[in-house]
Amino acid sequence: MLSKITSGAVLGIDAYVVEVEVDVTARGLPYFATVGLPDAAIKESKDRVRSALKNNGFDFPLKQIVINLAPANIKKEGSAFDLPIALGIIASEGILRQEALSGYMIVGELSLDGRIKPVRGALPMAVKASAEGFRGLILPRGNAEEAAVVGGVDVYGADDLASVVEFFRGEGILQKFSMDVSRLFLENSRYLEDFSEVKGQEHVKRALEIAAAGGHNVLMIGPPGSGKTMLARRLVTVLPDMGFDEAIETTKVHSVAGLIPPDRPLVATRPFRSPHHTISDAGLIGGGAYPRPGEVSLSHNGVLFLDELPEFHRNALEVLRQPLEDRQVTISRATASITFPASFMLVAAMNPCPCGFHADSSHRCACTPHQIQRYRARVSGPLLDRIDLHVEVPSVKYRELSDDRPGESSEKVRERVNKARAAQVKRLNEDGIYCNSQMKPRHLKRFCALDDKTHSLLENAVERLGLSARAYNRIIKVARTIADLANRESIQARDVSEAIQYRSLDRKLI
């Protein structure tokens, strides 16, 4: 007898519908076959399903069983098809009616005793179930709150196989989950850190405010202990308020990666990712036999922080160049080409020299000019060109550390950032651009006109520093953001002058 169960799978960060066809026939010798490009985890479902059925009082038929996962031309992976396969076998034996199963998307991994374990990608599947007009989505209880964030579809959380069978036979009920999205968004949108905790470093705070307002990439250069990491961790607290659409898209990436904690079903704060410098290029950009999002995608709509930038592998740093420009990552494999979003702010930190104390008034540097030059050359010029602000972070003086007066809070800084970003959205959103860092040359020509005095200032800077065309454009973009923070329509010479100060690595410091 043939039965059909509707399930789902994830490709990239979006889900697609998978029809699980189960054909059970008594002719011939018993065997179990799964077709439709299954991976090893799906092929092993035979043993999990057999034990789960037996331990929940159902007989596993000693017949010819063929499982087809359609569409058959897309590679399937994971253990989320265990539950639909088990229900298909039960339905093929006449225990469940096919009509009762129709209209539901069903996913879940089975343990040997029939318990249903959480799976990856619950949120994208809920989005797909809602878009396709399914009556309901049945999935593990551990994924139910995450899926219930999406409206438009009934979400049922199940604990074990027996309760799902009873539900479809009309002999039991499954708990229907719903979420107060507004309350959930408010509860999960609070940050634990605050800018007021940072002592001193006022000029660095100013640079980070500019970076947050315009979505600019930042490189901080300073000795050990000067507060670079502390400042970077608090940058997310002054970024513009996260919208619900951004939260859903960010949560989808984390859901596919299996990083959604049970008590936090919605990512409502800007992500902050800080990978170790030993990370591979695949770990940073994403990849694998079945491509998974890397750190650049996990920091989507947030901050990717690279501490000790010159210590990263050269090839890992070079793969950042494409997502920094395109704001997405495409990973090509023989079976598929998958695109992950990667719209992030790059924040990096490095020492000025190998020992860390070059130009530090409190410590003597033991490095030769050649050693310093080799150290800084580990970061390529093309990558540095894509970083808008180079900020020097000096050691904090004792009087600043001992000052008990609280600094400016993240909330106050974020208010100014929100106003500046709102002006940019109003100016640029007709082209699908939402911050100054994303402006193209045509936007610079239209919105960043300079007067003669400002042109002369910028010309001198370009000639003396030997700036590239990309660095020239970055200076104008940063100047536009500085003007937006001051609520000025036109860019003035002082805006360009301040922007030039944030290109410290273009100056000869040795």
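Looking only at the range 492-506, filter to residues that are open to solvent by less than 40 Å² (accessible area, probe 1.4 Å) and among the small types (Gly, Ala, Ser); which one of those is farthest from Leu208 (Cα to Cα)? Restricting to residues being open to solvent by less than 40 Å² (accessible area, probe 1.4 Å) and among the small types (Gly, Ala, Ser), the top hit is Ala493. Within the range 300-310, being in contact with a helix residue (DSSP H, G or I) (Cβ under 9 Å, 6 or more places away or on another chain) and either assigned to a loop (DSSP other than H, G, I, E, B) or free of Cβ contacts under 8 Å to residues at least 40 places away in the same chain (or both) holds for His300, Asn301, Gly302, Asp307.
So that you can scan it fast, the table gives a plain yes or no per residue for (1) over 24 Å from Val391 (Cα atoms); (2) at pLDDT 90 or above; (3) more than 13 Å from the chain's Cα centre (by Cα):
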site: Val267; (1), (2), (3): yes, yes, no
site: Gly302; (1), (2), (3): no, yes, no
site: Leu309; (1), (2), (3): no, yes, yes
site: Ile331; (1), (2), (3): yes, no, yes
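So which residues in the range 114-136 are within 14 Å of Val149 (Cβ to Cβ) and aliphatic (A, V, I, L, M), if there are any at all? Passing the criteria: Ala122, Leu123, Met125, Ala126, Val127, Ala129. Pairs are defined by a Cβ separation below 6 Å, a sequence spacing of at least 6 or placement on different chains, a first member in the range 416-445 that is under 20 Å from Met345 (Cα atoms), and a second member that is crowded, with 22+ Cβ neighbours inside 10 Å and of a type in the set (A, V, I, L, M); the pairs so defined are Val417/Ala212; Val417/Ala213; Val417/Val238; Ala420/Ala213. Just one of (1) open to solvent by less than 60 Å² (accessible area, probe 1.4 Å); (2) within 22 Å of Ser226 (Cβ to Cβ) trips up Ser380, so point out which. So the condition that Ser380 fails would be (2).
Within the range 333-351, the set of residues being part of a loop (DSSP other than H, G, I, E, B) and within 20 Å of Asp388 (Cβ to Cβ) comprises Ala342, Ser343, Phe344. Within the range 354-369, residues that are in contact (Cβ under 8 Å) with a residue 24 or more places away in the chain sit with their Cβ atoms under 7 Å from residues that are among the β-branched types (Val, Ile, Thr) and open to solvent by 70 Å² or more (accessible area, probe 1.4 Å), at 6+ positions apart or across chains, in these pairs: Pro369/Ile510. Within the range 374-413, the set of residues being touching a His at 6+ places or on another chain (Cβ under 6 Å) and either β-branched (Val, Ile, Thr) or part of a loop (DSSP other than H, G, I, E, B) (or both) comprises Asp388 only.
Applying a threshold of 6 Å to beta carbon distances and a minimum spacing of six or more residues, or different chains, the list of pairs starting in the range 314-341 at a residue that is in contact (Cβ under 8 Å) with a residue 24 or more places away in the chain and ending at one that is of a type in the set (A, V, I, L, M, F, W, C) and open to solvent by 20 Å² or more (accessible area, probe 1.4 Å) reads Val319/Ile285; Val329/Ile285. Within the range 397-419, the residues that satisfy the criterion of being more than 30 Å from Asp360 (Cα to Cα) and surrounded by 19 or more Cβ atoms within 10 Å (Cβ to Cβ) are Arg414, Val417.
Name the single residue that is farthest from Phe344 (Cα to Cα) among those in the range 452-491 being of a type in the set (Asp, Glu) and either surrounded by fewer than 12 Cβ atoms within 10 Å (Cβ to Cβ) or without any contact (Cβ under 8 Å) to a residue 12 or more places away in the chain (or both). Out of the qualifying residues, it is Asp452. Of the residues making up the range 420-451, just one is open to solvent by 50 Å² or more (accessible area, probe 1.4 Å) and polar (S, T, N, Q), namely Asn429. Part of a helix (DSSP H, G or I), buried (at least 20 other Cβ atoms within 10 Å of the Cβ) and acidic (Asp, Glu) - does that describe any residue in the range 127-141? Checking the range 127-141: not a single residue is part of a helix (DSSP H, G or I), buried (at least 20 other Cβ atoms within 10 Å of the Cβ) and acidic (Asp, Glu).
The condition (being within 28 Å of Gly12 (Cβ to Cβ) and crowded, with 18+ Cβ neighbours inside 10 Å) is satisfied by just one residue among Phe357, Phe340: Phe340.
When Pro275 is tested against (1) over 28 Å from Ser226 (Cβ atoms); (2) at pLDDT 95 or above; (3) open to solvent by 10 Å² or more (accessible area, probe 1.4 Å), just one condition goes unmet, and that condition is (1).
The values are calculated or read from the model by the stated rules, or taken from the named source; none is laboratory data. Keep in mind that this is a model prediction, so the values were computed, not measured. Don't worry about glycine lacking a Cβ; one is built from the backbone with ideal geometry, like all the others, and counts go over all protein chains shown. Note: areas computed on protein heavy atoms with side chains; ligands, DNA, RNA excluded. Shrake-Rupley method; radii C 1.70, N 1.55, O 1.52, S 1.80 Å.
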